[in-house]
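Novice: Encoded as structure tokens, here's the structure I'll be asking about.
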Amino acid sequence: MDQSIKAYIRQLVQEAVQQSASSLSNLPSSTGRKQYVIANWKMNKNIKETLEFLQQLKEGTGVEVVVCPPAPLLYPAKLYVQGQNKEIQIGAQNVHQEDKGAYTGESAANLLKDIGCSYCIIGHSERRQYAQEDDATVNQKAKQALKRGLTPIICMGETLEQKQQNQTEKVLTTQILGAMDGIDVSQVIFAYEPVWAIGTGESATAEEAQRIHAYIRAVLAHIDKRNAEKVSILYGGSVNENNAQEFAAMDDIDGVLVGGASLQVDSFQKIIAVFAKGA
Ligand code: PEP
């Protein structure tokens, strides 16, 4: 699609969402939406550390726990949790958009599915930055993941500069419309991860995150009114055992994507406990 048409559509959606205050407040609360606590280990841990972590980790009632280790650890991690009958899902940190071929170093969606992955993170800001993934790539990857039975966890978020220039809603609208072109909203999970909050120790406030999550849901409602209310939208960015409760208390925050604090089993377990039913 022509860039100017894309920009025009984004503008229309953004204005409509912003003008219609009711679309932000009339959507139902998180009751009934699936809750997730997802570990993004990035390029950390070896096989011994992985198995020790999974041995100690306990699932939580009413919350989907997903661990996303580096690619070589996906299969041993899956074998381990399966062997122990643990209700812990394994997710990949990336997936390639093509079925197969000459793509050195990449992982195909059908292979990830084959070795037991259920989820894959797509469009993480680190990959957008150093692997130059844009919204079109994110869209292709999400389509490919869905085709092969993986649930995409689509990441989005603004940089500090964009936030300071009051561009957050504009950036998110562009990212959502680009990522979701031709995709069924009800089949994916979103993670709002402000880039300035990732790995910095400076998270968004829970109120700030709630406002943005409600905005994301309102944009999704423009794409698919019926399903927007059912979509899980996670927050990510310096979540830890001390601030997780504040995020969990928010209506439109349906779980968290955790980097640094997911590397220690004790802190990750405490975050799971916050989102578990009856916590
Ligand atoms: C992430 O990388 O997805 C992330 C949220 O990292 P951290 O929790 O360390 O900010």
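Novice: So, in segment 242-271, how many residues would count as being buried (at least 18 other Cβ atoms within 10 Å of the Cβ) and assigned to a loop (DSSP other than H, G, I, E, B)?
Specialist: Matching residues across segment 242-271 total 6.
Novice: While we're here: Give me the pairs, please: first residue somewhere in segment 239-253 and at negative phi, second residue anywhere and open to solvent by 40 Å² or more (accessible area, probe 1.4 Å) and of a type in the set (Asp, Glu), beta-carbon distance under 9 Å, and either six or more positions apart or on two chains.
Specialist: Hits for this filter: Glu241/Asp266; Glu246/Glu207; Met250/Glu207.
Novice: As an exercise: evaluate Ile153 against (1) in a loop (DSSP other than H, G, I, E, B); (2) in contact (Cβ under 8 Å) with a residue 60 or more places away in the chain and give the number of the one condition it does not meet.
Specialist: Checking Ile153 against (1) in a loop (DSSP other than H, G, I, E, B); (2) in contact (Cβ under 8 Å) with a residue 60 or more places away in the chain, the one that fails is (1).
Novice: Could you grab me the full set of residues in segment 156-165 that are away from the ligand (no atom under 16 Å from the Cβ) and in a helix (DSSP H, G or I)?
Specialist: Glu161, Gln162, Gln164
Novice: Tell me the residue from His213, His222 that is open to solvent by less than 20 Å² (accessible area, probe 1.4 Å) and on the phi < 0 side of the Ramachandran plot, please.
Specialist: Result of the check over His213, His222: His213.
Novice: Mind checking which residues of segment 135-146 are open to solvent by 10 Å² or more (accessible area, probe 1.4 Å) and either part of a loop (DSSP other than H, G, I, E, B) or not hydrophobic (A, V, I, L, M, F, W, C) (or both)?
Specialist: Matches in segment 135-146: Asp135, Thr137, Asn139, Gln140, Lys143, Gln144.
Novice: Same structure, new question: Could you please give the count of residues in segment 170-205 that are within 16 Å of the ligand (Cβ to nearest atom), surrounded by 18 or more Cβ atoms within 10 Å (Cβ to Cβ) and farther than 17 Å from Glu158 by Cβ?
Specialist: 1
Novice: Let me ask another. Is there any pair with a first residue in segment 211-222 that is farther than 12 Å from Asp251 by Cα and touching a residue at least 12 places away in the same chain (Cβ under 8 Å) and a second that is open to solvent by 10 Å² or more (accessible area, probe 1.4 Å) and of a type outside the set (A, V, I, L, M, F, W, C) whose Cβ atoms are under 7 Å apart and which are 6 or more apart or on different chains, and what are they?
Specialist: Tyr215/Glu169; Ala218/Ser23; Ala221/Ser23
Novice: Every residue in segment 108-134 that is in a loop (DSSP other than H, G, I, E, B), buried (at least 22 other Cβ atoms within 10 Å of the Cβ) and more than 16 Å from the ligand (Cβ to nearest atom), please.
Specialist: Answer for segment 108-134, where residues must be in a loop (DSSP other than H, G, I, E, B), buried (at least 22 other Cβ atoms within 10 Å of the Cβ) and more than 16 Å from the ligand (Cβ to nearest atom): just Cys117.
The values are calculated or read from the model by the stated rules, or taken from the named source; none is laboratory data. As the structure is a computational prediction, the values presented were derived from the model and not from experiment. Glycine gets a Cβ as well: all are built from the backbone with ideal geometry, and neighbour counts include every protein chain shown. Heavy atoms of the whole protein, side chains included, go into the accessibility calculation; ligands, DNA and RNA do not. Shrake-Rupley method; radii C 1.70, N 1.55, O 1.52, S 1.80 Å.
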